[in-house]
1. Looking only at segment 440-476, count how many residues are of a type outside the set (Lys, Arg), farther than 23 Å from Ser371 by Cβ and surrounded by 10 or more Cβ atoms within 10 Å (Cβ to Cβ).
2. Could you list, in sequence order, the residues of segment 208-221 that are open to solvent by 10 Å² or more (accessible area, probe 1.4 Å) and either farther than 26 Å from Lys60 by Cα or part of a helix (DSSP H, G or I) (or both)?
3. When the residues of segment 343-357 are filtered to those that are buried (at least 24 other Cβ atoms within 10 Å of the Cβ) and in a loop (DSSP other than H, G, I, E, B), which remaining residue is farthest from the chain's Cα centre (by Cα)?
4. Can you name every residue in segment 360-388 that is of a type in the set (A, V, I, L, M, F, W, C) and either touching a Ser or Thr at 6+ places or on another chain (Cβ under 8 Å) or surrounded by 24 or more Cβ atoms within 10 Å (Cβ to Cβ) (or both)?
5. From the list Thr63, Thr34, which residue is among the hydroxyl-bearing types (Ser, Thr, Tyr) and in contact (Cβ under 8 Å) with a residue 24 or more places away in the chain?
6. Only residues that are touching a Ser or Thr at 6+ places or on another chain (Cβ under 9 Å), among the aliphatic types (A, V, I, L, M) and part of a loop (DSSP other than H, G, I, E, B): list them for segment 292-342, please.
7. Does Val246 satisfy being over 20 Å from the mean Cα position of the chain (by Cα), on the phi < 0 side of the Ramachandran plot and open to solvent by less than 30 Å² (accessible area, probe 1.4 Å)?
Amino acid sequence: MSGTYLGMPAFPQAAHEAVGDRTLRGNLRHATHTIRAKRARAVAEVSDWDALREAGKQVKDDTLRHLDRYLVQLEQAVTAAGGTVHWAADADEANRIVTGLVKETGESEVVKVKSMATQEIGLNEALEAEGIRAYETDLAELIVQLGRDRPSHILVPAIHRNRGEIRDIFRREMGEWGRPAPEGLTDTPAELAEAARLHLREKFLRAKVGISGANFMVAETGTLVVVESEGNGRMCLTLPETLISVVGIEKTVPTWRDLEVFLQTLPRSSTAERMNPYTSMWTGTTDGDGPRAFHLVLLDNGRTDTLADEVGRQALRCIRCSACLNVCPVYERAGGHAYGSVYPGPIGAILSPQLRGTGSAIDASLPYASSLCGACYEVCPVAIDIPEVLVHLRERVVEGGEAVRGGNKVLLKPAKGHAAERAAMRAARWALSHPAALRTGQRLASRSRRLHPRTLPGPGRAWSGTRDLPAVPAEPFRDWWQRTNGKEDGAK
């Protein structure tokens, strides 16, 4: 959705409720640990993984530096191939464009390929408001849609559901949306997949309009690329008469040669496969083959604002592999819904506050939804330094300052609730800038160490409740150095 989920609380409250759900925690632990282990084995097979990772980073950074030029090149290539390009500054404009294009066809149904961009803008809701029904065809997205639920993972949107829950959803809801679930449906994966296949088959054959996103757009040729594991995407991309693709502008890569890097790193980092079972590519339209009309909607929706931030812009390198989610201890316990965005986990904690701003309580809390352990950076196939961006955004939340919103420079006010933190940091800065005051404070601390509490009072109680406060040394380091000349006591 373009904003936070309706009524969504700030991350600490949402996470507190989520960690109390034993079923959710069990589902997440099992799924993330399984995917994590498979990914590690798949990456270990590649001897030049670090070189590929660096190449992906460099390609993305070069693209972002010259994005204006590559987008114009992309538009020209798509148009020359028979497609039509539309530019959408925000979610509302993108939704107006897509709903208008669907209405022009006279259809009231569309089939959809799994797309984070269309979830980001709330396209399904916008279509429904205009009397158009959108059918999700990815298995996990179908589960979420039938369950009237929200995605909780980038790669596996229904990761919070187990097989028994999915069986119950299919039995209860499939008949409302089309072909009902088979009688006696069990929770075996094969039967669940077959029930989904039969349910979706009639929709694929009937639909005249397909809507997709794209994993990559090649500026050189105007080619769009979707990688997937099920084949539903290819059905949506080839069978309908009209294809509408909504894609974030950061998904651009300059050339075919650049694409080669990501077709090696994305499948291993996401599904732990050497290559995706289905890699679909299309360039405009071709007589007698595929859709007769192709529309590309290039989505900004806060991306150029993010691009203006020298530290935060690296979030736009993201190729949506979700590897960071699978290693994050916070995500594993809190789940994706706690993030209040279609982008959960570590990448969501840095991307959502930049795309949407930090004005809401949940967006202001997301940069704190991390232990800063660094595991997310280690597994990122395009080397996004997520901890660095998290700290950068925390500073923005606490201190305010200049930022770009809607293409204009604005002065952000500090978020509420951080006055004590600001005062503490300013006091620390003053003390560290005045050696005499620091020396005096250290000596007083060492002499009064027997009076120091074992836990912190007030707001600090939450921090010290799970940690031991470090003991204050018997003397300051400077005094020890002067007394011993840097040698251990007793050493000559």
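1. 13
2. If the condition is that a residue be open to solvent by 10 Å² or more (accessible area, probe 1.4 Å) and either farther than 26 Å from Lys60 by Cα or part of a helix (DSSP H, G or I) (or both), then Lys208 is the only one that fits.
3. Result: Pro344.
4. Ile362, Ala364, Leu366, Ala369, Cys376, Val379, Cys380, Val382, Ile384, Ile386
5. Unique residue meeting the criteria: Thr63.
6. Once the filter is applied, which keeps residues that are touching a Ser or Thr at 6+ places or on another chain (Cβ under 9 Å), among the aliphatic types (A, V, I, L, M) and part of a loop (DSSP other than H, G, I, E, B), segment 292-342 yields Ile319, Val342.
7. When the stated conditions are applied, Val246 does not pass them.
Residues are listed down the side, and each one gets a yes or a no for (1) within 22 Å of the chain's Cα centre (by Cα); (2) more than 29 Å from Arg394 (Cβ to Cβ); (3) crowded, with 22+ Cβ neighbours inside 10 Å:
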position	(1), (2), (3)
Glu250	yes, no, yes
Val261	yes, yes, yes
Thr285	no, yes, no
Leu299	yes, no, yes
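The values are calculated or read from the model by the stated rules, or taken from the named source; none is laboratory data. Quantities reported herein were computed from a predicted structural model and do not represent experimental measurements. Neighbour counts are summed over all protein chains in view; Cβ atoms, including those assigned to glycine, are modelled from backbone coordinates with ideal geometry. Remember, those area values only see protein heavy atoms, side chains included, never the ligands or the DNA or RNA. Shrake-Rupley method; radii C 1.70, N 1.55, O 1.52, S 1.80 Å.
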